[in-house]
Amino acid sequence: MKLDIVIAGVGGQGSVLASRVLAQAGMAAGWEVRTTETIGMAQREGSVVSHVRIGSQLYGALVPDQQADILFGLELAETARALMKLKPGGVIIANQGKVVPASVSLGLSVYAEEPIRESLCRTTKRVMLVDADALAMEAGSSKTVNVVLLGVLSALAGLPFRRDDLLQVILESVPKKAVAMNQEAFERGRKIGVTFHDRK
Amino acid sequence: MEKRLLMGNEAIAWGAVEAGVAVAAAYPGTPSSEVVETLAHLAPEYGFHAEWSVNEKVALEVASGAAYTGARALAAMKQVGLNVAADPLMSLAYIGIKGGLVLVVADDPGPHSSQTEQDTRKFAAFAKLPVFDPSSPQEAKEMVKAAFVLSEEFHLPVILRPTTRTAHMAQDVAMETANLPTRDYRFEKDPKWVIFPSLSYKKHILLNQAQKDLAEKFSHSPFNHLVLNPESSEGIVASGVSYNYVMEACETLSIHPSILKIGTPYPLPSQPVLDLFAHCARILVVEEQEPVVEDQLIQMAWKEEAKIEVSGKQDGRVPREGELNVDKVIAIIKAFLRQREPKDLAQPPHARVQSILGTMETTEAASAVEAAHEHSFELPPLPLRTPVLCAGCPHRASFYAFKEVGRRQDAVFTGDIGCYTLGTIPPLDMLDTCLCMGAGVTQAIGMSKVEPGRKHVAFIGDSTFFHSGIPGMINAVYNQADITIVILDNRTTAMTGHQPHPGLERTATGPNPKPIDIQGIVKACGVEFVREVDPYDLKAMKEAAREAMAYKGTAVVIAKRECVALVKPEVKYVVDPKTCTGCELCLKKLGCPAMAKDKTLVVIQDNCSGCGVCAQVCPQNAVREVSLR
């Protein structure tokens, strides 16, 4: 068994936390795990890609191109930027929300929202684009976008860990006062995930 | 056995705790910072000393002092930090130590966040010191413990060199019992601790002899292992993290060459290499950065008169620049397999692979991988997401003020290492130079001596100031340099994860009752023009910039405002759409990531931290403060 997940987002969106909880859920189920990040220079606002590998007989942490079973995107354009990691027929779980970089406001580049969406949908049939920003706000904070999307992921069939274990690891990883909010975010994500699952 | 998810640097820290470390010292630097970050966290519980030293030279000297007494000590730094610590390291190799001294130096092939891709294994060979090259966090933890033992056996400092991909990889790591330092350490007086030239000569002979003994010792190290395939005449040698890529690549290609994993690249263990020579006609060496293993292997082949074809960096097969990964290593191995002796090439490809590797499906697997990699995605243009200064970063305000004042004066703005290096990015376009820690100040001095009519302004962060900025400032005063030094005092070492420094009220492990006042140092060094300003007050900041740049002689402006990542905003700002004329001056001048264009007007997004600089830039007074309470 080997499950490769690539997480794409913007610094400050909680992609590192997402990679760690997925790895810990994998460990709880008795698997070997590896995670790593590629982070640019800045503390915030830069592109961040995290790699998570769960399974047996693992080597390095970097997921090779076209080998990710799941592309987990916290931000729309960043999801597209990591598309080369997705394996043919892989699953995309992504936030349709945007973090528009300063370069766009300055006219140095464009944010082509619709073409980016289309490129995700063209790459694989198994795309779950979720308004995670809105769901996170409903749960109580925009900071729970990562947990909403983990909830969506938890509805997938055939994961190498139990959904409850994933939720428990998440709740142990967040500050005490944010536990209820994160549980709510996870549940909202899970419900959306189930509807995607049913549609198939 | 309990397993924990540990990052490589955390695993190294735990290895030190399991080895009974008594002193740990470091100056932060990506990708090494988490080693002492973790140790500082564990120090109170396990009863050892952990510190953030002011620079890497100091860190290594502090650790070596402890090791002189018989205690186990660790120093950690990034690869360019070792350049700063090179002076004590080179002499320590001669003088030696008593208690185990492990020097953790994290290399950064890529580079992801460094000025150079220098290879610390090469530095180890230059210093004639043994080096371990871990392929995973688990192995890094075991190597730290082995390094302490080796250090005490040979009385030499031992280097552990993780690369970014080991230092920042997290893995399920098996935990063992921690050992507390014993505390009965004592420095025994002896002339052997005083490095006179006559002693150096004798010690050099011993150090040279140790090279052979270390190579012999490493021949039996569990960190080097050879898996021979008698059916194959080809072998792959991989050092450190490259081993992971080689194993995964061989799995993907379904090939089974003999594989020698090297965990101690210098001195190269002789026995497993000779065993490999005995079985192989062709050897591929896969390692990141410099051909450290490859060059030693070629020397060994020449000495042994072994008829071996060696491929790697010297024949251009493996790149010297950048980081390796599975995809690159697959391509490297495939090219290596394709290029065989002419007599082999005469055979059909299928038979050729079979005869040499003793396995099949190679060609099919290889072509499948190739086909997969040829597939290209049609991506729409994606927005540029270069790293930028955070919304509300005080450095942005400092840069803006100096830009406004200096733009008509053709001033030169020299820079330094830290978050503020990002000031070079549009629209600020400040910082005309960035070389290494402390060089902003000193290079400005040099320029000022040959461009007398021009203004030279050097930007340096608070932590960098303590690291190596103070000697430069003293040099400016002593040599009467007409420069302005701007100390961007954001009250932390922000870029590497907010470590404290001597100017703050805390140390690595507790309170600092006597924070050192930067302004006091500046004055004590003889600087007569000193202004301390809050950069969020643009008017005052511009005034200070104007006065400092007009001043003849060394002037210092301290732009003091806490890093925005450390404070919770109390206010935020909004653009009044009725007053905003859409001139976009705020956007174009500041490039703040909280500001965005919404059709014709500017809007301020949720990530606004309430610095209020845009409100001071707006010519229409269209930006208003809103309380968040």
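Listing for the model above:
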{"quantity": "For A:Glu45: the one exception among (1) farther than 27 Å from A:Gly97 by Cα; (2) in contact with a Pro (Cβ under 7 Å, 6 or more places away or on another chain); (3) within 7 Å of chain B (Cβ to nearest Cβ)", "calculated": "(1)"}
{"quantity": "Residue satisfying all of: in region B:503-533; in a loop (DSSP other than H, G, I, E, B) and more than 30 Å from the chain's Cα centre (by Cα); nearest to B:Asn490 (Cα to Cα) among these", "calculated": "B:Pro513"}
{"quantity": "One residue from B:Ala73, B:Ala22, B:Ala86 being more than 23 Å from B:Thr492 (Cα to Cα), touching a Phe, Trp or Tyr at 6+ places or on another chain (Cβ under 6 Å) and of a type in the set (A, V, I, L, M)", "calculated": "B:Ala22"}
{"quantity": "Check on A:Leu74, closer than 24 Å to B:Met595 by Cβ and crowded, with 24+ Cβ neighbours inside 10 Å", "calculated": "yes"}
{"quantity": "Some residue of region A:101-109 being modelled with pLDDT of 95 or more and touching a strand residue (DSSP E or B) at 6+ places or on another chain (Cβ under 6 Å)", "calculated": "no"}
{"quantity": "Any pair with Cβ under 7 angstrom, 6 or more apart, that starts in region B:172-194 at a residue that is over 14 Å from B:Ala66 (Cβ atoms) and within 14 Å of chain A (Cβ to nearest Cβ) and ends at one that is among the acidic types (Asp, Glu) and surrounded by fewer than 11 Cβ atoms within 10 Å (Cβ to Cβ)", "calculated": "B:Met175/B:Glu2"}
{"quantity": "Odd one out for A:Arg34, checked against (1) within 22 Å of B:Asp108 (Cα to Cα); (2) out of contact with any helix residue (DSSP H, G or I) (no Cβ under 9 Å at 6 or more places or on another chain)", "calculated": "(2)"}
{"quantity": "Residue in region B:584-591 that is of a type in the set (Gly, Ala, Ser), over 24 Å from B:Arg407 (Cβ atoms) and either at pLDDT 95 or above or not assigned by TED's automatic domain parsing to the domain that holds B:Asp489 (or both) present", "calculated": "no"}
{"quantity": "Verdict on B:Pro535 being closer than 18 Å to B:Leu389 by Cα and in the same structural domain as B:Gly472 (by TED's automatic domain parsing)", "calculated": "yes"}
{"quantity": "Failed criterion for B:Lys597 (all others in (1) in contact with a Pro (Cβ under 9 Å, 6 or more places away or on another chain); (2) charged (D, E, K, R); (3) not assigned by TED's automatic domain parsing to the domain that holds B:Gly520; (4) not in a helix (DSSP H, G or I) hold)", "calculated": "(1)"}
{"quantity": "Options A:Val100, A:Val110, A:Val63; residue that is within 7 Å of chain B (Cβ to nearest Cβ) and under 27 Å from A:Phe196 (Cβ atoms)", "calculated": "A:Val100"}
{"quantity": "Whichever residue in region B:20-47 is part of a loop (DSSP other than H, G, I, E, B) and out of contact with any helix residue (DSSP H, G or I) (no Cβ under 7 Å at 6 or more places or on another chain) and, among such residues, is farthest from B:Lys78 (Cα to Cα)", "calculated": "B:Gly47"}
{"quantity": "Selection within region B:397-420 - more than 24 Å from B:Asp537 (Cβ to Cβ) and surrounded by fewer than 22 Cβ atoms within 10 Å (Cβ to Cβ)", "calculated": "B:Asp410, B:Val412"}
{"quantity": "Subset of region B:13-62 [under 16 Å from B:Lys141 (Cβ atoms) and of a type in the set (S, T, N, Q)]", "calculated": "B:Ser32, B:Thr38"}
{"quantity": "Condition met for B:Leu226 (away from every other protein chain (no Cβ under 14 Å) and either surrounded by fewer than 18 Cβ atoms within 10 Å (Cβ to Cβ) or at pLDDT 95 or above (or both))", "calculated": "yes"}
{"quantity": "Among (1) touching a Cys at 6+ places or on another chain (Cβ under 7 Å); (2) among the polar types (S, T, N, Q); (3) under 19 Å from B:Ala548 (Cβ atoms), the one test that B:Asn475 misses", "calculated": "(1)"}
{"quantity": "Test: B:Ala238 is at negative phi, part of a helix (DSSP H, G or I) and small (Gly, Ala, Ser)", "calculated": "no"}
{"quantity": "Counted residues, region B:426-454 - those being on the phi > 0 side of the Ramachandran plot and of a type in the set (A, V, I, L, M, F, W, C)", "calculated": "1"}
{"quantity": "Residue within region A:69-91 that is under 13 Å from the mean Cα position of the chain (by Cα) and of a type in the set (S, T, N, Q) present", "calculated": "yes"}
{"quantity": "Condition met for B:Lys141 (under 23 Å from B:Thr177 (Cβ atoms), in contact with a helix residue (DSSP H, G or I) (Cβ under 6 Å, 6 or more places away or on another chain), away from chain A (no Cβ under 14 Å) and modelled with pLDDT of 95 or more)", "calculated": "yes"}
{"quantity": "Residue list for region B:482-498, restricted to those being in a loop (DSSP other than H, G, I, E, B), buried (at least 24 other Cβ atoms within 10 Å of the Cβ) and away from every other protein chain (no Cβ under 11 Å)", "calculated": "B:Ile483, B:Asn490"}
{"quantity": "Tally, over region A:1-25, of residues that are in a helix (DSSP H, G or I) and more than 11 Å from chain B (Cβ to nearest Cβ)", "calculated": "3"}
{"quantity": "Flag for B:Gln314 being without any contact (Cβ under 8 Å) to a residue 12 or more places away in the chain and either of a type in the set (Asp, Glu) or away from chain A (no Cβ under 14 Å) (or both)", "calculated": "no"}
{"quantity": "Residues being more than 9 Å from chain B (Cβ to nearest Cβ), of a type outside the set (D, E, K, R) and in contact (Cβ under 8 Å) with a residue 60 or more places away in the chain - total across region A:66-83", "calculated": "8"}
{"quantity": "Residue, farthest from the chain's Cα centre (by Cα), within region A:122-132, restricted to residues that are within 12 Å of chain B (Cβ to nearest Cβ) and surrounded by fewer than 17 Cβ atoms within 10 Å (Cβ to Cβ)", "calculated": "A:Arg122"}
{"quantity": "Some residue of region B:436-445 being of a type outside the set (A, V, I, L, M), at pLDDT below 95, outside the structural domain of B:Cys614 (by TED's automatic domain parsing) and in contact with an Asp or Glu (Cβ under 9 Å, 6 or more places away or on another chain)", "calculated": "no"}
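Conditions tested, residue by residue: (1) hydrophobic (A, V, I, L, M, F, W, C); (2) more than 13 Å from chain A (Cβ to nearest Cβ); (3) touching a strand residue (DSSP E or B) at 6+ places or on another chain (Cβ under 8 Å).
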site	(1), (2), (3)
B:Val564	yes, no, no
B:Lys572	no, yes, yes
B:Glu584	no, no, yes
B:Leu587	yes, no, yes
B:Cys592	yes, no, no
B:Val603	yes, no, yes
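The values are calculated or read from the model by the stated rules, or taken from the named source; none is laboratory data. The structure displayed is predicted, hence computed values, not measured ones. Because the Cβ atoms are built from the backbone with ideal geometry, glycine has one as well, and the counts that use them run over all protein chains shown.
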